[in-house]
Amino acid sequence: MNKKSIRDVDVKGKRCLVRVDFNVPMKDGKITDETRINGALPTIKYLIENGAKVILCSHMGKPHNVLTPGFGLTKKEKKAVEAMATLSEQQEATCKYLEAALKDRKKFSLRPVAEKLSEKLGQPVVFAEDVVGPCADAAVSALKDGEVVLLENTRFEKGEEKRDEALCKKLASYCDIYVNDAFGTAHRSHATTAAIAEYGFVDTAVCGFLIEKELSVMADALENPVRPFVAILGGAKVADKLKVISNLLEKCDTLIIGGGMAYTFLKAKGYEVGTSLVDDEQIGYCKDMMNKAEELGKKLLLPVDANITKDFPNPIDAEVECQVYGVDAIPADKMGLDIGPKTAELYANEVKSAKTVIWNGPMGVFENPIFAKGTIAVAKALADTEATTIIGGGDSAAAVTQLGYADKMSHISTGGGASLELFEGKKLPGIECLNNK
Ligand code: AMP
């Protein structure tokens, strides 16, 4: 990789502002999955051991009711309230807004993460109750070498997503070195994920070990794969993965398509696919991709059979009747919700002879056990192979982990969106903004 990492700079005694991805799932104030905290530990531990002053920041969830501290409601919110007819209506609306804001402040606070992190590090983690307010000021100025502060949820600042210059400047005043280690948000261009370095408010901007690892594994696989290189794509819609399909076709030897998106390809091939998910606008695109595969001499594999049902299950995991049909015989009133057993075998065999495999997106409606068999078969095939196996985050990462195959994969990405953009061949703003070697 041509970007500098924390290993390439002297961190001793330096204030390091580290953007991590602590956007962990929470239920009733408890963290339900610690993967993202664990992913950030190598960088944090390295900085502590090397005498840096560590200031961590991250977003958490999507708090909507954010108040600008000291200013109360924004102009737009004020206008809406003032437009109300009576004073009591106005007061009630203001109170409701404040109540919602207070609720979001508790719901999306990073405080539980500070406590968990402190346990994992075996040392106190000071929690600042704001991002750039008086608490953060005090916590940062009291920091000694090897100590750690976690700032509150960066999305409590309205300027985070708007790349606000004043917010970036203030955050930059807290640090000598900006470290980005949040791979999960590296495809976003927000104040703490990229803008702070893009604006030039920090001289030294480097990556942490998580980003370094994610990039080296995925970029390596895409640029210099050990062949045969098989890419497996699934998920709901073709439209979401147009660039990914096109770019991967150029890089891999075999592209396997499953999930809902397979039916638009099948229709483009001339099959009747009943009431399966089809995006008619993308039929031309699918034809182009099939032609492109042929021109490039690449294999493009589509399902040969499907597990079908009459109506989409409601709720999604409801028990419904299903049958397996060849893709040339799907009845007009039925929809395919998973690949069938012959397809699963075909795909598993392709994985067997591969040396590099990347996978993104489920093969069917895996939320329902009846339609999860195809996704499980692919996960198992990846677990059983000696090939380098890379799981591009999101649903496929969750499936592999739930099935207990996580240790058998070479790499499970912590960023679904970011890894998809890498597969598209895009540059990620959170990485582009860092210093070159
Ligand atoms: P994505 O977010 O694009 O990766 O899509 C994941 C979603 O695709 C999951 O929620 C699946 O239930 C859904 N999905 C997979 N296969 C199908 C299918 N054959 N028909 C409809 N939805 C599907």
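The values are calculated or read from the model by the stated rules, or taken from the named source; none is laboratory data. Given the structure is predicted, the values throughout are model-derived calculations rather than measurements. Quick reminder, even Gly has a Cβ in these numbers, built from the backbone with ideal geometry, and neighbours come from all protein chains shown. Please note that ligands, DNA and RNA were not included when accessible areas were found on the heavy atoms of the full protein model with its side chains. Shrake-Rupley method; radii C 1.70, N 1.55, O 1.52, S 1.80 Å.
Among the residues of the range 32-41, those identified as modelled with pLDDT under 95 and open to solvent by less than 60 Å² (accessible area, probe 1.4 Å) are GLU34, GLY39.
Count of the range 417-433 residues, restricted to those that are open to solvent by 10 Å² or more (accessible area, probe 1.4 Å) and in contact (Cβ under 8 Å) with a residue 60 or more places away in the chain, is 11.
Of all residues being charged (D, E, K, R) and out of contact with any Lys or Arg (no Cβ under 9 Å at 6 or more places or on another chain) in the range 383-437, which is farthest from THR35 (Cα to Cα)? Just the residue, please. Here the answer is LYS427. Note on the range 159-263: enclosed helices (runs of 4 or more DSSP H) holding 2 or more residues that are more than 16 Å from the ligand (Cβ to nearest atom) and surrounded by 20 or more Cβ atoms within 10 Å (Cβ to Cβ) are 159-162, 165-172, 209-223. Checking LEU346 against (1) in contact with a Leu (Cβ under 8 Å, 6 or more places away or on another chain); (2) surrounded by 21 or more Cβ atoms within 10 Å (Cβ to Cβ), only one condition comes out false. Which one? So the condition that LEU346 fails would be (2).
Every condition in (1) of a type outside the set (Lys, Arg); (2) buried (at least 19 other Cβ atoms within 10 Å of the Cβ); (3) within 11 Å of the ligand (Cβ to nearest atom) holds for PHE312 except the one numbered (2). Just so you know, in the range 135-158 the residues that are over 28 Å from ASN65 (Cβ atoms) and in a helix (DSSP H, G or I) include one that is most open to solvent (accessible area, probe 1.4 Å), and it is SER141. Would you be able to tell me the number of residues in the range 315-353 that are among the small types (Gly, Ala, Ser) and within 15 Å of the ligand (Cβ to nearest atom)? Going through the range 315-353 one residue at a time, the tally reaches 4.
If you check ILE412, ILE358 for being modelled with pLDDT of 95 or more and more than 23 Å from SER276 (Cβ to Cβ), only one passes: ILE358. Selection over the range 363-386 of residues that are farther than 15 Å from GLY259 by Cβ and either among the acidic types (Asp, Glu) or free of Cβ contacts under 8 Å to residues at least 40 places away in the same chain (or both) gives a count of 7.
Restricting the range 362-409 to residues that are in a loop (DSSP other than H, G, I, E, B), small (Gly, Ala, Ser) and within 16 Å of the ligand (Cβ to nearest atom) leaves a set whose member that is farthest from the chain's Cα centre (by Cα) is ALA372.
Residue by residue, here is whether (1) over 16 Å from TRP359 (Cβ atoms); (2) charged (D, E, K, R); (3) at pLDDT below 95 holds:
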| position | (1), (2), (3) |
| --- | --- |
| ILE257 | no, no, no |
| LEU266 | yes, no, no |
| GLU272 | yes, yes, no |
| VAL278 | yes, no, no |
| CYS286 | yes, no, no |
| LYS292 | yes, yes, no |
| GLY297 | yes, no, no |
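Could you go through the range 346-354 and let me know if any residue there is outside any loop (DSSP other than H, G, I, E, B), within 15 Å of MET409 (Cα to Cα) and either within 25 Å of the chain's Cα centre (by Cα) or among the polar types (S, T, N, Q) (or both). Checked the range 346-354: at least one residue is outside any loop (DSSP other than H, G, I, E, B), within 15 Å of MET409 (Cα to Cα) and either within 25 Å of the chain's Cα centre (by Cα) or among the polar types (S, T, N, Q) (or both). Criterion applied to ILE48, ILE44, ILE55 was being of a type outside the set (Lys, Arg), within 24 Å of ASP181 (Cα to Cα) and surrounded by fewer than 19 Cβ atoms within 10 Å (Cβ to Cβ), and the one residue passing it is ILE48. Is it the case, given these coordinates, that TYR347 is of a type outside the set (D, E, K, R) and either over 22 Å from ALA231 (Cβ atoms) or without any contact (Cβ under 8 Å) to a residue 60 or more places away in the chain (or both)? When the stated conditions are applied, TYR347 does not pass them.
For the range 266-282, a residue qualifies if it is more than 12 Å from the ligand (Cβ to nearest atom) and either crowded, with 16+ Cβ neighbours inside 10 Å or small (Gly, Ala, Ser) (or both), and the qualifying residues are LYS267, ALA268, GLY270, TYR271, GLN282.
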